[in-house]
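Notes follow the structure.
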Amino acid sequence: VALAAMPDRGRAAEVARSRTARWRCGPPGSMIGSFALAILFFSSSARDARAEESEGEGESKGSDILEVMAWCKDVSDVLDWGQVLRLAKVECRYDAEDDESLRIRCSPQGLAAALDGARLVLELSAERTFACANGVVFLLSVALAYGRDTLSAGEAARAQVLLWQALQENFMLDASVWPVKTFDVLNLFDKSPATLRFPAVEVEDLISSVTLLVPRCPAELAAAILDRFPGLRVIAGVENEVPDAGASWSYFDDAWERPTGAVLNRMLEGVETPFVLVVMGAALPQGMKDLERLVGVLQSRRVMIAAGPVVTEAKVYMDFCFQLNLRHYHLGFDSVYRHSLIFDETSAASIRGSWFMEQDAETKEGPCKLCETLPPTFTARTNALQAIGFHPLLDGEFALLDLAIRASRSPLVEMRPAEDGVPDYTNGRWLSPYSGLPGRRHSGVSFALCPHVVSHELPGLGSAHLYGRSDLPPSGVAAAEPWFADDSAALGPAMGGRHDARHLRPSQQAAMFMEVNNLKEFTGPDRITRHFGCNLAKTNCPVPQWVYRGWAVPPCCKETMRHLLFYIDDVFRDMGIRYIITDGVLLGSYKYGTMLDWDADVDLHIHNDDFPRLEEEVQHRVREDGHHLRKHENNNSWLLQANDHNYLLIELNRRREFWDPDAVWQLPVNGRLFPAMENSHVNISTWYGLSFFRHRLRHVPEWEEEHRPMFCATPYHYNCVDETMVPSGKDCQRVGLC
């Protein structure tokens with residue numbers, strides 16, 4: 001398989017060899033050599049199997065969505081995913097009953113090719129993302145299940161992080177032709193060692209134990225680093241070499257043209273010390289003593305990152321410590337932390353009163369809060385940061401916030417049951433009532449925020465911060481506003497990229513951050529909500545991106561459906577057309593008085609006598625009002641859309657069910673009353689069963705499960721009942737699935 005989809009294969013191999021040699025990721029050419037053998041082998045077998053394969057694919061030609069998004073047909077970035085899929089189908093067989101890993105059996109040549117593809121994903125992930133999540137899941141899961149012993153500890157950890165990320169982005173993987181299923185991948189995570197182990201590290205001296213990483217380092221910041229951390233190894237993005245720096249400094253000369261996420265990933269590849277001090281901005285600890293204290297926290301506790309608060313030139317204190325609220329495309333920040341670290345147990349156990357005073361407090365180790373976010377200056381375990389990595393397309397504090405989201409939401413550290421069943425954090429380790437559900441054995445990590453180590457911003461180099469301040473300054477302009485504007489210079493010389501680099505403009509980075517994290521609303525600590533949604537004039541809802549994954553409806557999509565429902569209600573009332581609400585919107589009215597979070601359309605039942613008027617009168621009215629109405633091919637439905645290229649639907653249906661227009665009820669939906677069938681609960685019970693008030697997952701009919709099995713195992717985005725997890729009809733909220 002020609003997996004490296006570049007016009008000049010020789011040039012592609014040379015680039016990969018040079019990069020490998022430069023960053024010492026392995027013997028030069030080792031990856032490319034074995035990969036080329038896999039290419040030579042599979043190209044011939046793929047040609048032999050092409051006729052058989054095209055015959056099988058012909059059955060599903062009608063679905064462009066499946067071909068492009070699930071099969072990754074004609075989707076190429078650095079890898080030719082069509083060739084990867086052919087490798088998966090021809091050389092690997094699903095449902096090997098005697099296999100306890102992924103239930104996949106690959107030929108020796110197929111396994112070798114998959115391993116080389118996985119290594120290429122690992123190598124290139126430092127600077128790019130991949131267009132085919134399903135393909136990434138296949139390559140990395142096969143590598144971890146059947147070739148883990150060929151991977152280094154760092155490669156295996158990085159592969160687990162990337163696999164989990166791709167699993168969140170998978171598109172109908174279980175229903176596709178890829179020979180790997182989410183249920184088995186989740187079980188693979190539970191059987192695998194934790195990504196982060198926190199081994200004990202002996203520190204003889206800081207010079208040999210810590211590397212300082214500064215993605216953008218102005219001359220003034222470089223001078224301060226030389227003064228405060230003499231002899232420390234430094235990797236810095238600079239425009240000119242730093243005078244008197246010596247051999248301990250290494251340089252990147254294009255750091256202002258590239259996202260700091262990509263720059264830091266490449267810097268991390270050159271780090272050989274167990275710890276790193278990352279300075280993303282202009283705030284520095286006071287010196288070696290502060291650095292020693294932060295390293296001491298990492299040595300004594302099972303945490304990935306330790307940091308102190310930042311104090312600005314104007315003496316504003318910011319600790320950047322928040323819990324992240326993530327739900328239904330919305331990101332929020334909560335300052336209420338759940339756990340803390342205490343180092344002086346004797347002091348902690350003392351009784352406090354007006355007579356008490358802590359002696360020599362300045363010489364003792366103070367406590368640390370455990371947070372899900374971190375400040376732009378922090379100390380980290382190198383192997384942990386290398387495993388998680390930064391998003392290569394994100395810049396500045398957006399890259400930092402993205403790291404925090406993935407670190408807190410990925411299975412990185414091992415959980416263990418608490419004796420009393422109550423989650424706890426004791427002796428630096430999470431205790432949790434591990435439920436036994438697939439993918440729940442490991443948990444995310446927190447960061448230690450320690451106020452006894454303060455980083456001060458250097459005069460003249462400070463900048464605005466994305467999530468540092470919760471107050472609204474006297475000017476009335478939010479402190480975070482520059483992060484959503486167009487001027488990179490407003491972020492300061494140590495944080496902002498080139499002003500003429502469009503992809504590094506804060507507004508572009510904000511949109512990119514929201515897109516890669518599937519977010520539509522950003523509510524900062526300042527309680528200002530910024531919307532990244534859509535409007536009715538454009539294709540505002542890429543429906544397949546969420547409806548086929550079982551995700552909730554994005555806020556702007558739900559607003560479009562609400563607008564269309566209210567609009568057609570006004571039209572029908574004005575024209576005297578009789579109708580009732582049915583199906584999901586009726587269920588939502590009974591349960592909450594609103595549309596359901598997972599309902600992808602709105603169904604209305606038009607009275608049979610009025611149905612012909614949709615074609616005779618309503619479609620002309622809709623066109624005049626700037627919307628779009630089209631007849632369904634079954635001739636029993638009309639579909640109302642915001643426009644001809646927006647596929648959110650209000651279905652106007654003709655059905656056999658009888659209802660009396662003179663006896664309709666009025667039920668609430670999103671603050672307005674809508675007509676519904678008399679005794680609507682009987683109608684709902686017919687469609688959804690007599691337990692419709694339970695918060696259960698959607699029931700998939702047996703015929704649908706038989707023809708398109710979903711396995712119901714995609715993490716976070718369950719869209720049906722899996723008998724192994726939730727007995728049919730039971731409350732899924734009680735077992736933690738919704």
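The values are calculated or read from the model by the stated rules, or taken from the named source; none is laboratory data. Every value quoted in this text rests on a predicted model; they were computed, and no experiment measured them. Positions of Cβ are generated from backbone atoms using ideal geometry, with glycine treated the same way; all protein chains shown enter the neighbour counts. Ligands, DNA and RNA are stripped out before the accessible areas are found, and what is left, the full protein with its side chains, is counted by its heavy atoms. Shrake-Rupley method; radii C 1.70, N 1.55, O 1.52, S 1.80 Å.
Per-structure values
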{"quantity": "Condition met for TRP598 (among the aromatic types (Phe, Trp, Tyr), more than 18 Å from LEU673 (Cβ to Cβ) and surrounded by fewer than 20 Cβ atoms within 10 Å (Cβ to Cβ))", "calculated": "yes"}
{"quantity": "Hits in the stretch 437-453 - residues which are assigned to a loop (DSSP other than H, G, I, E, B), buried (at least 18 other Cβ atoms within 10 Å of the Cβ) and more than 22 Å from the chain's Cα centre (by Cα)", "calculated": "CYS450, HIS452, VAL453"}
{"quantity": "Some residue of the stretch 571-591 being part of a helix (DSSP H, G or I), at pLDDT below 95, of a type in the set (Lys, Arg) and open to solvent by 40 Å² or more (accessible area, probe 1.4 Å)", "calculated": "yes"}
{"quantity": "Selection from the stretch 502-559 of residues that are of a type in the set (A, V, I, L, M, F, W, C) and outside any helix (DSSP H, G or I)", "calculated": "LEU519, PHE522, ILE528, PHE532, CYS534, LEU536, ALA537, CYS541, TRP551, ALA552, VAL553"}
{"quantity": "Residue in the stretch 298-305 that is out of contact with any Gly (no Cβ under 8 Å at 6 or more places or on another chain), part of a helix (DSSP H, G or I) and open to solvent by less than 10 Å² (accessible area, probe 1.4 Å) present", "calculated": "yes"}
{"quantity": "Long-range neighbours under 6 Å by Cβ, at least six apart or interchain, first residue under 20 Å from SER192 (Cα atoms) and outside any strand (DSSP E or B) within the stretch 79-102, second open to solvent by less than 40 Å² (accessible area, probe 1.4 Å) and among the acidic types (Asp, Glu)", "calculated": "LEU102/ASP184"}
{"quantity": "Filter result (among the charged types (D, E, K, R), more than 18 Å from GLY626 (Cβ to Cβ) and free of Cβ contacts under 8 Å to residues at least 60 places away in the same chain) within the stretch 541-574", "calculated": "LYS558, ARG573"}
{"quantity": "Residue among TRP249, TRP256 that is without any contact (Cβ under 8 Å) to a residue 60 or more places away in the chain and not charged (D, E, K, R)", "calculated": "TRP249"}
{"quantity": "Hits in the stretch 282-297 - residues which are crowded, with 22+ Cβ neighbours inside 10 Å and touching a Lys or Arg at 6+ places or on another chain (Cβ under 7 Å)", "calculated": "LEU284"}
{"quantity": "Residue list for the stretch 316-334, filter: assigned to a loop (DSSP other than H, G, I, E, B), touching a Phe, Trp or Tyr at 6+ places or on another chain (Cβ under 9 Å) and surrounded by fewer than 20 Cβ atoms within 10 Å (Cβ to Cβ)", "calculated": "HIS328"}
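Table: residues versus (1) part of a helix (DSSP H, G or I); (2) among the β-branched types (Val, Ile, Thr); (3) more than 30 Å from GLY82 (Cβ to Cβ).
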| residue | (1), (2), (3) |
| --- | --- |
| ALA166 | yes, no, no |
| PRO179 | no, no, no |
| THR195 | no, yes, yes |
| ALA200 | no, no, yes |
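For every residue, the table says whether it meets (1) crowded, with 19+ Cβ neighbours inside 10 Å; (2) at pLDDT 95 or above; (3) hydrophobic (A, V, I, L, M, F, W, C); (4) not in a loop (DSSP other than H, G, I, E, B).
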{"site": "ASN383", "(1), (2), (3), (4)": "yes, yes, no, yes"}
{"site": "GLN386", "(1), (2), (3), (4)": "yes, yes, no, yes"}
{"site": "HIS391", "(1), (2), (3), (4)": "yes, yes, no, no"}
{"site": "LEU394", "(1), (2), (3), (4)": "yes, yes, yes, no"}
{"site": "VAL422", "(1), (2), (3), (4)": "no, no, yes, no"}
{"site": "ASP471", "(1), (2), (3), (4)": "no, no, no, no"}
{"site": "PRO474", "(1), (2), (3), (4)": "no, no, no, no"}
{"site": "ALA479", "(1), (2), (3), (4)": "yes, no, yes, no"}
